[in-house]
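First up is the structure itself, then whatever we jot down about it.
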Amino acid sequence: MASSLKILDSACLLKKYHWQNGLCALFRPLVDSCNLKWYSSYRRPGTPPDRTPPWKKIDFSFQKGVEGIKTHFGRLVKEVTDHVKGPEGRPLKQYMLEQTRVIWEFRSQEDLDKWVISSDVEIGGKSEIYMQLGKNNQSALLYGNINTTVPRDGETRYSGYCSMRSKPRLVAFDRKKPYDWSNFNTLVLRVRGDGRPWMINIYTDPYFSHQKDDIYNYFMFTRGGPYWEEIKIPFSKFFFTSRGRIQDNQHALWLDKISTLGFTIADQVNGPFQLEIDFIGLFCDAAHTEETAYELYERNPKNPKK
């Protein structure tokens, strides 16, 4: 029995290193509740660590495994078919001449399921956020309440935020496939807000694990009232941050490795909020040639100017 437990512990240790590279895709359908947690190391202050051996959390389900395998092979067929058609599943001519593209629209519950919402409840806060379909199922309605009360854990100093973030695009065997927006230079949104400011967050697919907290941000100001507004933000306006801090070394957004997009409200104002989103798309503005709106400094130049 002891040797069996050692084998299971070794397998779970091996999972941490090779799960993402292929083992996860093959065995996840069979062990449904063996979820990945390596991507988030946060634990609330004062919360005891979970010392349950990973092998005790495995819940083997043959039926779900068969259904998962069918789903993944269906994704594989679609992936191969789209690859034969052309980039992003479109003919090459259409892909090259495309001027606009709608990435996300909200017309059904399936569209809402592509997004996740979160708030400071994760760190002991009291803010609330909800998401549902808008009137006539033509938009996504994001609403809730901001509460800036700081948790009494002795460590947290700030609170009061809510966010909405898209899920990463997955292909066959749960492999992440980043979006390629290199043919466009402007983000377009049709929204209706209550006058409160939001932060737009764009996450890229990093090459290294220490870059997982790198985000590109820009502000979105809603004007309130009953009327819809179209907001156009050039990608050159997005500034580079890491763990909430603006970095000195700014560079242009990697448009060919877009992972997810999100919205955050954290204006430190207690009270209700509401944001209605019709669609999120892209636009190619031929008159906009700016690569980045921020000064780029060369660190430690070899030949400094005198």
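Qualifying GluC sites (Glu not before Pro) in region 122-174, where qualification requires a DSSP coil assignment and no more than 15 other C-beta atoms within 10 Å, comprise GLU155. Percent of C-alpha pairs per 10 Å bin in region 132-211, short distances first: 11, 29, 34, 23, 3.
Evaluated at q = 0.12 Å⁻¹, a Debye calculation over the C-alpha positions of region 221-288 (equal weights, vacuum) places log10 I(q)/I(0) at -0.49. Under 18 Å of direct C-alpha separation, and excluding same-chain neighbours fewer than eight residues apart, LYS126 reaches these aspartates and glutamates: ASP153, GLU155, ASP267.
If you wrap the tightest convex hull around every Cα atom of region 156-306 and split its volume per residue, you get 192 Å³.
Note on region 62-123: with charges restricted to the Cβ of Lys and Arg (+1) and Asp and Glu (-1), its dipole about the Cα centre is near 440 debye.
Packing-based ranking of 205-217, 249-261 yields 249-261, 205-217, ordered from highest to lowest mean Cβ neighbour count within 10 Å.
Of the solvent-accessible surface of region 182-302, computed with a 1.4 Å probe and all protein chains present, 50% belongs to carbon and sulfur. Normalising the Debye intensity of region 172-234 to I(0), with uniform scatterers on Cα atoms only, and taking log10 at q = 0.15, 0.16, 0.21 Å⁻¹ returns -0.66, -0.72, -0.96.
Each residue of region 72-79 was assigned a 3J(HN,Hα) from its phi angle through the Karplus curve 6.51 cos²θ - 1.76 cosθ + 1.60 (θ = phi - 60°); the sequence is 5, 6, x, 5, 5, 4, 5, 5 Hz, with glycine and proline shown as x. The mean accessible area for residues of region 64-165, using a 1.4 Å probe and ignoring ligands and nucleic acids, is 64 Å² per residue.
Using only side-chain charges placed at the Cβ, +1 for Lys and Arg and -1 for Asp and Glu, the dipole size of region 153-220 relative to its Cα centre rounds to 340 debye. When you count the other C-beta atoms within 10 angstrom of each residue and take the mean per peptide, 161-170, 93-102 line up highest first as 161-170, 93-102. Ligands, DNA and RNA are left out, and with a 1.4 angstrom probe the accessible area of region 180-306 is 58 Å² per residue. Taking all Cα-Cα distances within region 43-161, those exceeding 21 Å account for 70%.
Between TRP115 and LYS167, the built amide H atoms are under 5 Å apart, and every one of these is 5 or more places off in sequence or on another chain.
The value of relative contact order for region 155-306, using C-alpha pairs under 8 Å at least six residues apart, is 36 percent.
The values are calculated or read from the model by the stated rules, or taken from the named source; none is laboratory data. The model shown is predicted, which means the values in this text are computed figures rather than measured ones. Reconstructed Cβ throughout: ideal geometry from the backbone, glycine too, with neighbour counts over all protein chains shown. What goes into the accessible areas is simple: the full protein's heavy atoms, side chains included, and nothing from ligands, DNA or RNA. Shrake-Rupley method; radii C 1.70, N 1.55, O 1.52, S 1.80 Å.
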